[in-house]
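Inspection log for the structure reproduced underneath, given as structure tokens.
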Amino acid sequence: MEIKSIQTKSILIQSKLPDSDFVINPYIGCRYGCTYCYASFMGRFVEKKVKDWGNYIFIKENAPEILKKDLKKLKNKGKGKSILLSSVTDPYQGVEAKYKLTRKCIEILLDWGFEGTLGILTKSNLVLRDMDLLTLFKNAEVGLTVTSTDDDISKYFEKYAPPASQRLDTLKKLNAGRIKTYAFVGPLLPHFVAEKYKLDMLFKAIYETGTKDLYIEHINLSKYIIERLKRELPGLNKNIMEKFYISQDKNYRDKLDKIVVNLAKKYEFKIRLENAIYHKNENNR
């Protein structure tokens, strides 16, 4: 595992995401090393290959100082704008416990008087450490990525990430602390059409945490992600791999979308962006 400190020239970056105006990524790389992660492309910026994803973390050690300067981009204390921590890394992966860059950036936003929406997306219960800060924002919300209720499945696809059960517990604790939450159900794993009861189990588990909002995302099967899946999961059942390919078929997606919509109604969830997110890719085998 390579951990290296670097300097960054900017940290508050304009976002192309539909629900965020700006993103802050305190780290390059992510120890969780999820096999389906689209962010593995980030390696090219630090002379790493897709196959290296999960085995390096670059620490943007001057991120807090740069954030102070970058905030000058925002007018009216950022009112009406949103900032996401983070889009291509997990802001609460293990190294955050030592370096505290995410916490320091949150402190700077507070001290500056940020009046927009602060969003956090993570797989880690370490976010609970910063509840004392998050409760001080007028608009702050935390999302937990949850793709299964089965810890064995989450460990299989999300190597070093905290187990799914811990993420659900984190949502429950955040809600108990009156911090707004959402669950990011993405990617939708390809067995959910054949075994829709498993998606029902997942929605029920999220409902029981007190979370009311969901983002839903179909799996991104860009060529580099397919290659990573094949390399990282050599023992993956061929039938499961075929389901990954089928997941790019419109009929499959339509069928899965109907299951999602019906379950959302059953548990009274709000699906953000109204529909599941889909990344159009060539189906490369």
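The values are calculated or read from the model by the stated rules, or taken from the named source; none is laboratory data. Not measured: the values here are computed from a predicted model. Positions of Cβ are generated from backbone atoms using ideal geometry, with glycine treated the same way; all protein chains shown enter the neighbour counts.
Go through the stretch 56-99 and report how many residues are more than 14 Å from I24 (Cβ to Cβ), assigned to a loop (DSSP other than H, G, I, E, B) and touching a helix residue (DSSP H, G or I) at 6+ places or on another chain (Cβ under 9 Å).
Adding up the residues that qualify gives 4.
Of all the residues that make up the stretch 264-282, how many are modelled with pLDDT under 95, surrounded by 14 or more Cβ atoms within 10 Å (Cβ to Cβ) and farther than 9 Å from I216 by Cβ?
Selection size over the stretch 264-282: 3.
Which pairs turn up if I take residues in the stretch 262-275 that are on the phi > 0 side of the Ramachandran plot and look for partners that are part of a loop (DSSP other than H, G, I, E, B) and surrounded by 16 or more Cβ atoms within 10 Å (Cβ to Cβ) with beta carbon separation below 8 Å, at least 6 apart in sequence or on another chain?
E268/K212
Report, by residue number, each residue of the stretch 14-33 that is crowded, with 18+ Cβ neighbours inside 10 Å and touching a strand residue (DSSP E or B) at 6+ places or on another chain (Cβ under 9 Å).
Those that are crowded, with 18+ Cβ neighbours inside 10 Å and touching a strand residue (DSSP E or B) at 6+ places or on another chain (Cβ under 9 Å): S20, F22, V23, I24, N25, P26, Y27, I28, G29, C30, R31.
Conditions: (1) touching a helix residue (DSSP H, G or I) at 6+ places or on another chain (Cβ under 6 Å); (2) modelled with pLDDT of 95 or more; (3) buried (at least 17 other Cβ atoms within 10 Å of the Cβ). L109 meets all but one. Number of the miss?
Result: L109 fails condition (1) only.
Here is a list: F184, F137. Which entry is farther than 25 Å from K68 by Cβ and surrounded by fewer than 22 Cβ atoms within 10 Å (Cβ to Cβ)?
One residue alone meets the criteria, F184.
Of everything in the stretch 250-266, what is under 15 Å from D200 (Cβ atoms) and among the polar types (S, T, N, Q)? Give them in sequence order.
Listed by number, the list holds a single entry, N262.
I'd like to check something: does the stretch 141-159 contain any residue that is under 17 Å from S86 (Cα atoms), surrounded by fewer than 20 Cβ atoms within 10 Å (Cβ to Cβ) and in contact with a Ser or Thr (Cβ under 9 Å, 6 or more places away or on another chain)?
Yes, because at least one residue in the stretch 141-159 is under 17 Å from S86 (Cα atoms), surrounded by fewer than 20 Cβ atoms within 10 Å (Cβ to Cβ) and in contact with a Ser or Thr (Cβ under 9 Å, 6 or more places away or on another chain).
Please name all residue pairs, on different chains or six or more residues apart, with Cβ atoms under 9 Å, provided the first residue is in the stretch 87-98 and is within 25 Å of S20 (Cα to Cα) and of a type in the set (F, W, Y) and the second residue is part of a loop (DSSP other than H, G, I, E, B) and modelled with pLDDT of 95 or more.
Within 9 Å, the pairs are Y92/K123; Y92/S124.
All but one of (1) within 21 Å of Y197 (Cα to Cα); (2) in contact (Cβ under 8 Å) with a residue 60 or more places away in the chain; (3) among the hydrophobic types (A, V, I, L, M, F, W, C) hold for A164, so report the exception by its number.
Just one mismatch for A164, condition (2).
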